[in-house]
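Enquirer: Sending over a structure as structure tokens; questions will come in a sec.
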2 protein chains.
Amino acid sequence: MRNDTKIAPRGRGRPRKFDREAALRAALQRFRTLGYANTSLDELAAATGVNRPSLYATFGDKKALYLAGLARTHAIIDSTFAALHDVHYPPEKMLKALFLGAIEGFLTGEYGPSGCIAVNTAAAEAVADADIRAALADFMQLQDGWIEKLMEQAGTADPRGDAQIASSVIHSLSTRARAGTPRAELIAIAKKATALLLA
Amino acid sequence: MRNDTKIAPRGRGRPRKFDREAALRAALQRFRTLGYANTSLDELAAATGVNRPSLYATFGDKKALYLAGLARTHAIIDSTFAALHDVHYPPEKMLKALFLGAIEGFLTGEYGPSGCIAVNTAAAEAVADADIRAALADFMQLQDGWIEKLMEQAGTADPRGDAQIASSVIHSLSTRARAGTPRAELIAIAKKATALLLA
DNA sequence: TGATTTTTGTACGATCCCGCACAAAAATCG
DNA sequence: CGATTTTTGTGCGGGATCGTACAAAAATCA
């Protein structure tokens, strides 16, 4: 069951037994499900198959691991938006892809729909922790900025404002998914938002 | 500095030294700032001025105290919406009151803007804890339902859909407030949402 | 083969945290 | 005043959690 994709041992010493990316993915999944404060290092060690000392040696402490996970998600979101921008969909198709893609992602999860890690776990820590708050702000900036570009491409009259509303709806879809709202209702909200934005 | 509003001792034994409501408010504030998992009972005891055994005797365990706080917020939100419904504002004024009232509430906080406790701390626990998930769902239902009534009163064509979008924007305003977004930008988003909904 | 380097994994210490036991305190009832 | 009832507050015990020390293991270099 271990994910031992021992790539590029290269150096001198004993080769690493685990794949850094796979471990990061597993840790990220635990954080997304349980939240930052509620995820212990024992659970992270169990989920990644890496014991604590190796986790510390590879990622630093708990917060560094969490921030590395956020950064990884940030990069994935970025390339996803870039791809959506590249295909040059017509406005309605673009919004459909945007919202439905988000919804399907949010409904993913180990124990149930887990939404967006930034919106729904980083936000809990954001007031007390400046680093996490900054990461959350970066995340929202990334999303707002990309959707603004998409709105420009779609030729709407107020790309910035339209993007902020579309982005806001996506935030809420994430929270609603975590609250257990069924897919059909999330899709209905997405359709309504699409109609309003294209009116 | 204690809030000793010893009301209605009534019974037989030693009178209670603290005001239940004041203690609940203080605990709620800590939960809202730090999140559920990150708030210890020592901090709750310090913030409320009540030591742990008395907290347990009065509210039960940590989760029961948190849920009592959510219920209190739920009740306040309910009466706030009822009041807004009663004044029969014209549509634009109603939306302005709705959004700006939310924003001002979200910008409140001990250490900084703390948003909505349900959207931003309950959501983190919602996947792992069914009780908190249910409370979060109730909360969203309350808000969606009231805004739907307000939209009916305002005479919009699709009260349910419009309400879900308005409610979604409010969720996002809460998260954005926690991320540190300045008031002016939150207000701009609210204005844009108002314009879209009344178009 | 022996030295060096890096990772592994056990084990540990210090701290925090939850929830409660128990005696003292402060009120009312008879 | 003595008995009863309820709250207070100290204090504790078991357990979780974080981060690290240290020796063994597994590789490369000379």
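Enquirer: Could you please let me know if residue B:127 is aliphatic (A, V, I, L, M) and over 22 Å from residue B:29 (Cα atoms)?
Expert: yes
Enquirer: Residues to consider are A:166, A:135, A:157, A:193; find the one that is out of contact with any Lys or Arg (no Cβ under 9 Å at 6 or more places or on another chain) and at the interface with chain B (Cβ under 7 Å from one of its Cβ atoms).
Expert: From the options A:166, A:135, A:157, A:193, the qualifying one is A:193.
Enquirer: Scan region B:103-117 for residues that are in a helix (DSSP H, G or I) and surrounded by 16 or more Cβ atoms within 10 Å (Cβ to Cβ) and report the count.
Expert: Counting residues in region B:103-117 that are in a helix (DSSP H, G or I) and surrounded by 16 or more Cβ atoms within 10 Å (Cβ to Cβ) gives 5.
Enquirer: Let me ask something additional. How many of the residues in region A:124-175 are under 18 Å from residue B:35 (Cα atoms) and out of contact with any helix residue (DSSP H, G or I) (no Cβ under 6 Å at 6 or more places or on another chain)?
Expert: Residues in region A:124-175 being under 18 Å from residue B:35 (Cα atoms) and out of contact with any helix residue (DSSP H, G or I) (no Cβ under 6 Å at 6 or more places or on another chain): 4 in total.
Enquirer: Another question about this same structure. Anything in region B:38-63 that is charged (D, E, K, R) and within 14 Å of chain A (Cβ to nearest Cβ)? List them, or say none.
Expert: Listed by number, the residues that qualify are B:43, B:62, B:63.
Enquirer: Moving to a separate point now. Counting only residues that are more than 7 Å from every other protein chain (Cβ to nearest Cβ) and part of a helix (DSSP H, G or I), which one in region A:169-183 is surrounded by the fewest Cβ atoms within 10 Å (Cβ to Cβ)?
Expert: If we take residues in region A:169-183 being more than 7 Å from every other protein chain (Cβ to nearest Cβ) and part of a helix (DSSP H, G or I), then A:183 is surrounded by the fewest Cβ atoms within 10 Å (Cβ to Cβ).
Enquirer: Something else now. Evaluate the following for residue A:186: is it touching a Phe, Trp or Tyr at 6+ places or on another chain (Cβ under 9 Å) and either part of a helix (DSSP H, G or I) or among the polar types (S, T, N, Q) (or both)?
Expert: Yes: the conditions hold for residue A:186.
Enquirer: Pull up region A:9-37, narrow it to residues that are within 11 Å of DNA strand C (Cβ to nearest atom) and under 16 Å from residue A:62 (Cα atoms), then point me to the one that is nearest to the other protein chains (Cβ to nearest Cβ).
Expert: Selected residue: A:37.
Enquirer: Within region A:118-132, can you find the residues that are surrounded by 24 or more Cβ atoms within 10 Å (Cβ to Cβ) and either more than 7 Å from every other protein chain (Cβ to nearest Cβ) or assigned to a helix (DSSP H, G or I) (or both)?
Expert: Listed by number, the residues that qualify are A:118, A:119, A:120, A:121, A:122, A:123, A:124, A:125, A:126.
Enquirer: Quick one: what pairs do we get from region A:27-53, first residue among the basic types (Lys, Arg), second in a helix (DSSP H, G or I) and within 12 Å of DNA strand C (Cβ to nearest atom), C-beta under 7 Å, 6+ apart or different chains?
Expert: A:52/A:41; A:52/A:45
Enquirer: Would you confirm whether or not region A:90-102 contains a residue that is away from DNA strand C (no atom under 14 Å from the Cβ), within 24 Å of residue A:125 (Cα to Cα) and either surrounded by 17 or more Cβ atoms within 10 Å (Cβ to Cβ) or over 12 Å from the mean Cα position of the chain (by Cα) (or both)?
Expert: yes
Enquirer: Do you know which residues across region B:57-88 are free of Cβ contacts under 8 Å to residues at least 12 places away in the same chain and over 18 Å from the mean Cα position of the chain (by Cα)?
Expert: The answer is B:57, B:60, B:61, B:86, B:87.
Read-outs throughout are calculated quantities, based only on the coordinates presented, and are distinct from any laboratory measurement. These figures come from a predicted structure and were not determined experimentally. Glycine gets a Cβ as well: all are built from the backbone with ideal geometry, and neighbour counts include every protein chain shown.
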